[in-house]
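Okay, so here's the structure we're looking at.
None of the figures in this text is laboratory data; all of them are computed from the coordinates on show. Since the structure is predicted, the reported quantities are computational estimates derived from the model, not experimental observations. Cβ placement follows ideal geometry from the backbone for every residue including glycine, while neighbour counts extend to all protein chains displayed.
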Amino acid sequence: MKTSKITVLTFLLMGTFFITSCTKEKKKEKENFINENVEFASAQTKLMLANVGEPTGKNYPRTANENGTLRVTDMYDWTPGFFPGSLWYLYELTGDTTWRYNAEKWTHSLEPLKTYTGNHDLGFMMYCSYGNAERLASKPEYKDILIESARSLSTRYDDKVQSIKSWNGGKAWGDTTKWTFPVIIDNMMNLELLFNASKISGDKQFYDIAVKHANTTIKNHFREDFSSYHVVDYDTITGDVRFKGTAQGFSDNSTWARGQAWAIYGFTMVYRETKDSTYLNTAKQLADYFIKNLPADFIPLWDFNVAQTGYTPQGKSYAVEFQEKLKDASAAAIVCSALFELGEFTQNKSYTEMAIKMLHSLASPNYRATLGTNANFIIMHCVGSIPHKSEINVPLCYADYYFLEALVRYKNLK
Ligand code: GLY
């Protein structure tokens, strides 16, 4: 009797010891992984800063040219917020105030955009920059700038359509359909600025616009299997849908991977801000579609239906002639970051585990550059827009931004 009790106790102690040392080892592994990636990202971004110089309003890092040199944009493109945002994440990951100094400088250079109403991208432009600035190093003027930016974005909202207009016009690739009120799935991302501005100003209007836009998106942007259309065009007199199709995907009936990524991230964020389970369920179904269609290395093709039977690009789209099955690491980085939140909100470990696998794949030599290459961006092998014959198999500043955000979320994971 006594001997068997001792045996059980010994087994229990050994078991506990085994579990504790496994947990410690896993924790160490995670720490090493994060530290190594932060070290690399810091070194690579220092080279980027040295190369790009001081912010001029015209030199926001975007991608690499064909000859490997850095390509920049002015502040009125959709991506200037990502570089300052990446600098903020490096500050958050390291605590090093040099990153904060640079992040502030690059963020402040975007202030003139607070009154910009030329497109729907103000959320990307101002929230990735000033939103992070307010979160990590709050100043009263940041709040004013975020509120004014939200006001500018809200001018694009139409109550008949119950959506924010994305672009001011455009045509479908077939050249016949001219759009009047195009809304693209990417627009979900800009709602974060509105939710935040509503909180800091107490103005519920911003919140209401964001919720109405999200509801209209649920109604019209998804197919039964929760794959997404990139573009939905509306009639502003009746509010009816005029067209569903694509601008950046393979074909009108296909699913553009980054569009699906914006939708997953967007609806997870709308759930965070509203706590309405409709949005969480939507995010789950969108993520399930994305995950189900991933290849073995967890990095999606740039469009899930490239060169498949039943999917035909139209007219002037470069996808008519270019049908290589390229991957898009930027879509993976966006979803990777979103899945850390989705895992937390659903308490479903499989989303978190997928996020960790995607992060490891992105950080592998297959997708992470080596020091001083890739025009000093971190992530390789992204696709901007094949239909427009633009940014094919290149680095993109937003892939780096969401990769760093995913590292922050992984680090904070309990
Ligand atoms: N928002 C534009 C893009 O994802 O390419």
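By how many nm would the segment from Asp158 to Thr278 lengthen if fully extended, with 0.36 nm per residue of separation less the alpha-carbon distance?
Details: separation 120, 0.36 × 120 = 43.20 nm, distance 2.29 nm.
Working it through step by step, the gained length comes to 40.9 nm.
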Original post:
Given the Cα-Cα distance of Thr312 and Thr176 and 0.36 nm per residue of separation, how much length would full extension add, in nm?
Top reply: 47.4 nm
Subject >> Label zone at Gln347, where the point sits 7 Å out along the Cα-to-Cβ direction: segment 235-269 residues whose backbone N lies under 14 Å >> reply: none
Subject >> Net lengthening on full extension, Asp208/Asn51 (0.36 nm per residue, minus Cα-Cα) >> reply: 52.2 nm
Original post:
Does a label point 7 Å from the Cα of Thr115, set along Cα-to-beta-carbon, have any residues of segment 135-175 with amide nitrogen under 20 Å, and which are they?
Top reply: 141-157
**OP:** Bin all alpha-carbon pair distances of the chain at 20 Å intervals from 0 and give each bin's fraction as a whole percent.
**Re:** 27, 58, 13, 3, 0
Original post:
Taking the Cα-to-Cβ direction at Asn393 and at Asp77 and moving 7 Å from each Cα, how far apart do the two end points lie in nm?
Top reply: 2.1 nm
Original post:
What is the spin-label model distance, in nm, from Lys139 to Lys58 if the labels are put 7 Å beyond Cα along the C-beta direction?
Top reply: 2.5 nm
Subject >> Nearest 10 degrees, 0 to 90: helix 329-346 Cα axis against the chain principal axis >> reply: 60 degrees
Original post:
Given labels modelled 7 Å from the Cα in the Cβ direction, how far is it in nm from Glu29 to Glu66?
Top reply: 4.4 nm
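Counting Lys +1, Arg +1, Asp -1, Glu -1, what net charge surrounds Ser227 among other residues with beta carbon under 15 Å of its beta carbon?
0
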**OP:** Read phi for every residue in segment 86-99 and hand back ³J(HN,Hα) as whole Hz from Karplus 6.51 cos²θ - 1.76 cosθ + 1.60, θ = phi - 60°, with x for Gly and Pro.
**Re:** 5, 5, 5, 5, 5, 5, 5, 6, 10, x, 7, 5, 5, 5
Subject >> Label-zone membership for segment 148-166, site Asp235, 7 angstrom Cα→C-beta point, backbone N under 20 Å >> reply: 158-166
**OP:** Excluding residues fewer than 8 places away in the same chain, name every one of the aspartates and glutamates whose C-alpha is closer than 12 Å to that of Lys357.
**Re:** Asp297
Original post:
In straight Cα distance, which aspartates and glutamates are under 19 Å from Lys414, not counting same-chain residues fewer than 8 positions off?
Top reply: Glu25, Glu29, Glu31, Glu92, Glu341, Glu344, Glu353, Glu405
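Per DSSP helix of 4 or more residues, -39500 (n - 2.57); summed, then divided by the residues of the chain. What does that give at 222 nm, rounded to the nearest 500?
Numbers: 12 runs with 207 residues, N = 414.
Calculated mean residue ellipticity at 222 nm is -17000 deg cm²/dmol.
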Subject >> J(HN,Hα) series, segment 155-172, from Karplus relation 6.51 cos²θ - 1.76 cosθ + 1.60, nearest Hz, glycine and proline x >> reply: 5, 8, 7, 10, 6, 5, 7, 6, 8, 8, 6, 7, 10, 7, x, x, 9, 5
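Can you classify segment 49-121 as rounded, prolate or oblate using the Cα gyration tensor, where a ≥ b ≥ c are the square roots of its eigenvalues, rounded means a/c under 1.5, and otherwise it's prolate if a/b beats b/c and oblate if not?
Cα axes put segment 49-121 in the oblate bin.
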**OP:** Answer rounded, prolate or oblate for segment 293-414, using the Cα gyration tensor with square roots of eigenvalues a ≥ b ≥ c: rounded when a/c is under 1.5, else prolate when a/b is larger than b/c, else oblate.
**Re:** oblate
Original post:
What is the chain's relative contact order, in percent, from Cα pairs under 8 angstrom and six or more apart in sequence?
Top reply: 15 percent
Original post:
How many angstrom separate the Cα center of segment 198-236 from the Cα center of segment 319-388?
Top reply: 25 Å
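Pairs Lys139/Lys411; Lys327/Lys349; Lys389/Lys411; Lys143/Lys327; Lys30/Lys204: which are spaced more than 30 Å apart, C-alpha to C-alpha? Provide the component values of the computation, followed by the final result.
On the way: Lys139/Lys411 26 Å; Lys327/Lys349 26 Å; Lys389/Lys411 37 Å; Lys143/Lys327 38 Å; Lys30/Lys204 41 Å.
Exceeds cut-off: Lys389/Lys411; Lys143/Lys327; Lys30/Lys204.
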